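Read through the structure below, which is laid out as structure tokens, and then see the notes.
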């Protein structure tokens, strides 16, 4: 398996189990992947490009360190693979928050908060926002939400707390 920014974490660790400790050493945030529930859900869908953001690493350094440890040549990665801008969009306004949901206890209990999140989204009106908290950057959840026609913005408060703002796209 060639390691690229689009490589899925689960596939990577299945093909190269020895890279698990390397991954954990690169960012304390990655140690959350030891949680079997997170490993099952996140590991199947999260790419290295997505987890680089969680670990606050450049995609270049993450991919190339893993490639080096796996005996692969380094890649020159272009700007397409850089992490998203952290500029807060104009639509993120505290007065527009209709629902707040702390998904951290649900996730830490090994459960999936997707159903609850989508219940809130079903009840959002125009310009209203759902704010939900997670203990990591929830890339797979946000991808599903975006495909359903919502705008998303995530603010990293610290390595264990992320605020995710969701609003219907106009």
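The values are calculated or read from the model by the stated rules, or taken from the named source; none is laboratory data. Keep in mind it's a predicted model, so treat the numbers as computed, not measured. Here Cβ is always computed from backbone atoms with ideal geometry, including for glycine, and neighbour counts include all displayed protein chains.
Values for this structure:
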{"item": "The lone exception for residue 24 - which of (1) over 18 Å from residue 113 (Cβ atoms); (2) under 15 Å from the mean Cα position of the chain (by Cα) it fails", "result": "(2)"}
{"item": "Count of the range 67-94 residues which are at pLDDT below 90 and under 19 Å from residue 15 (Cβ atoms)", "result": "3"}
{"item": "Residues of the range 1-25 that turn out to be within 10 Å of residue 70 (Cα to Cα) and in contact (Cβ under 8 Å) with a residue 60 or more places away in the chain, as a count", "result": "2"}
{"item": "In the range 125-142, residue surrounded by the most Cβ atoms within 10 Å (Cβ to Cβ) [restricted to those that are over 19 Å from the mean Cα position of the chain (by Cα) and modelled with pLDDT of 95 or more]", "result": "129"}
{"item": "Matching residues, the range 1-21, being more than 15 Å from the chain's Cα centre (by Cα) and assigned to a helix (DSSP H, G or I)", "result": "11, 12, 13, 14, 15, 19, 20, 21"}
{"item": "Within the range 111-124, tally of residues that are over 17 Å from the mean Cα position of the chain (by Cα) and crowded, with 16+ Cβ neighbours inside 10 Å", "result": "3"}
{"item": "Qualifying residues in the range 52-66 (those that are part of a helix (DSSP H, G or I) and in contact with a helix residue (DSSP H, G or I) (Cβ under 6 Å, 6 or more places away or on another chain)) - the one nearest to residue 15 (Cα to Cα)", "result": "66"}
{"item": "The range 85-110, residues that are touching a helix residue (DSSP H, G or I) at 6+ places or on another chain (Cβ under 8 Å) and loosely packed, with under 14 Cβ neighbours inside 10 Å", "result": "110"}
